[in-house]
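What follows is a set of notes on a single structure, which appears directly below.
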Amino acid sequence: EKGSYRHFMLKEIYEQPQAVQRTLEDRLAADHVLPAAFGPDASTLFAKVKKIQIVACGTSYHAGMVARYWLEGLTNTPCQVEVASEFRYRHVAVQPDTLFVTISQSGETADTLAALRHRQDNAYLASLTICNVGTSSLVRESDLALLTRAGPEIGVASTKAFSTQLVGLLLLTLAIGRARHTLAPAQEREIVDALRTLSAKLNDALAISATIEAKAQLFAEKNHALFLGRGEQFPVALEGALKLKEISYIHAEAYPAGELKHGPLALVDSDMPVVTVAPNNALLEKLKSNLQEVSARGGQLLVFADREAHLSEDEQTQVVNMPSIHPVLAPILYTIPLQLLSYYVAVLKGTDVDQPRNLAKSVTVE
Ligand code: F6R
């Protein structure tokens, strides 16, 4: 039931702090992730992993893209990510000791399931799924599984499933790094500590929802929007654009901010609002110069930035200050304002938020 919420999507956005907390429960020791969370022999198996192949669709694919930055950046484990509808129909050159990972809310998505079923079975070390439904086909047919504990997701646009998938994938990253001895123990402990405060941070992000609701006005009359991010915030930008498309029917595209000059800058004018996620990391300075390029062309900017970044507002630039967070966890936190933004834009436009036209919750046929 929706309770006091106007839509399931809004309720599910607000459930994220608890859903993330549940997904972490019993899975953390003082300074590391308990590998048994993935299955009894997971740590022996993880020690053998040399490469990771992630396969998923839609929002779950975006979670996989974030995981690639984590797996390669934190644990030096080569990782590839592909949409299932492409992966399943092409010849894949599989390297030895590759772990095959699927990500899915439903566990029944036709393309993802087909990718698992028709992969060159003995070419892979093992299969693992990060999934929200314990009784699903993906969980039954994978060697290892980590259940996200988001609870039932009713809104067609995925929200709490995504943030809990990210948590699951970060747990996987830490477990792999530990088993392969490629993650420094101090960094491991730091991230585990940060994970314990994640739920509170998500609550802080939800607390700025009235500010975000006010920004929705910027988009209500627009037909297009551009989303920019760098590094692990690029997939967050992709996810923000997908949410806006799905529920408000505004054409939205996401680009890695560094690609602007290579084409999309030609689209920027006062009718093309540009949304940017700008946490306080090593790429902030580069991002700032990308933002200059947009405002010089008359583009309206909406920037979600770490309050420590001290970005200033001007006529064309609106800044929403975000709580500070450990940089590794930033993609999870910055997802929240983008979900809220697309929700409030859709409400302004009067679309059917929970059941957008032409879409089904679970895509069990091709
Ligand atoms: C977008 C959305 C879809 C799903 C995709 C995969 O909001 O919900 O893009 O993410 O259909 O579904 P699952 O995760 O069930 O495999």
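Assuming a ≥ b ≥ c are the square roots of the Cα gyration tensor eigenvalues, decide whether region 279-359 counts as rounded (a/c under 1.5), prolate (otherwise, with a/b larger than b/c) or oblate.
Values: a/c = 2.44, a/b = 1.44, b/c = 1.69.
It comes out oblate by the Cα gyration axes.
In this structure, N358 and H251 have a Cβ-Cβ separation that, at R0 = 22 Å, corresponds to a calculated FRET efficiency of about 0.90.
Here the label points at E108 and N321, each 7 Å from Cα along the C-beta direction, are separated by 4.7 nm in the simple model. Taking each DSSP H run with n ≥ 4 as -39500 (n - 2.57) and averaging over every residue of the chain yields -13000 deg cm²/dmol at 222 nm. Highest-first packing order for the peptide set 273-279, 251-257 is 273-279, 251-257, based on the mean count of other beta carbon atoms within 10 Å. Note on the chain: dipole from Cβ charges, positive end direction compared against V320, L171, V66; the farthest Cα belongs to L171. Around the Cα centre of the chain, unit charges on the Cβ atoms of Lys, Arg, Asp and Glu (plus for the first two, minus for the last two) sum to a dipole of about 460 debye.
For K2, a cut-off of 16 angstrom between C-alpha atoms picks up these lysines, skipping any fewer than 8 places away in its own chain: K11, K160. Relative to its residue count, region 204-359 spans a Cα convex hull of 105 Å³ per residue. Remark: Y343, Y124 ranked as Y124, Y343, counting other beta-carbon atoms within 10 Å and listing the fewest first. For region 222-366, lysine pairs separated by 8 or more sequence positions, or belonging to different chains, with Cα-Cα distances below 16 Å total 9. For A220 and A282, the FRET efficiency from 1/(1 + (r/R0)^6), where r spans their Cβ atoms and R0 equals 25 Å, is about 0.10. Note on T182 and E313: with the Förster distance fixed at 35 Å, the Cβ-Cβ geometry gives a FRET efficiency of about 0.25. Please report, to two decimal places, log10 I(q)/I(0) for the chain at q = 0.09, 0.11, 0.15 Å⁻¹ as given by the Debye formula with identical point scatterers on the Cα atoms and no solvent. For the chain at q = 0.09, 0.11, 0.15 Å⁻¹, log10 I(q)/I(0) is -0.48, -0.72, -1.34. For region 1-116, rounded, prolate or oblate, judged on the Cα gyration tensor with a ≥ b ≥ c (square roots of eigenvalues), a/c < 1.5 rounded, else prolate if a/b > b/c? Taking the square roots of the gyration eigenvalues as a ≥ b ≥ c, region 1-116 is oblate.
For region 62-104, the spread of Cα positions along the three principal axes, ordered from largest to smallest, is 31, 25, 12 Å. Remark: spin-label model distance K48-E25 equals 3.3 nm, labels positioned 7 Å along the Cα→Cβ axis.
Viscosity 1.567 mPa s, temperature 4 °C: Stokes-Einstein D of region 143-275 from its Kirkwood Cα radius, in µm² per second? Walk me through the numbers before you get to the answer.
Values: Rh = 17.5 Å.
Here the translational diffusion coefficient equals 74 µm²/s.
At 0.36 nm per residue, minus the direct Cα-Cα distance, what do D193 and Y5 gain on full extension? Give it in nm, one decimal, please. If you can, show how the numbers build up before the last one.
On the way: separation 188, 0.36 × 188 = 67.68 nm, distance 3.22 nm.
Taking D193 through Y5 to full extension adds about 64.5 nm, to one decimal.
Roughly what % of Cα-Cα distances in region 81-196 sit above 23 Å, to the whole percent? Summing the P(r) tail past 23 Å for region 81-196 gives 36 percent. At full extension, H91 and L348 could sit 88.0 nm farther apart than now, given 0.36 nm per residue minus the alpha carbon distance.
Since every read-out is calculated from the coordinates, none of them should be taken as a lab result. Only a predicted model underlies this, so the values are computations on that prediction, with no experimental measurement involved. For neighbour counting, all protein chains shown are included, and Cβ atoms are generated from backbone atoms with ideal geometry for every residue, glycine included.
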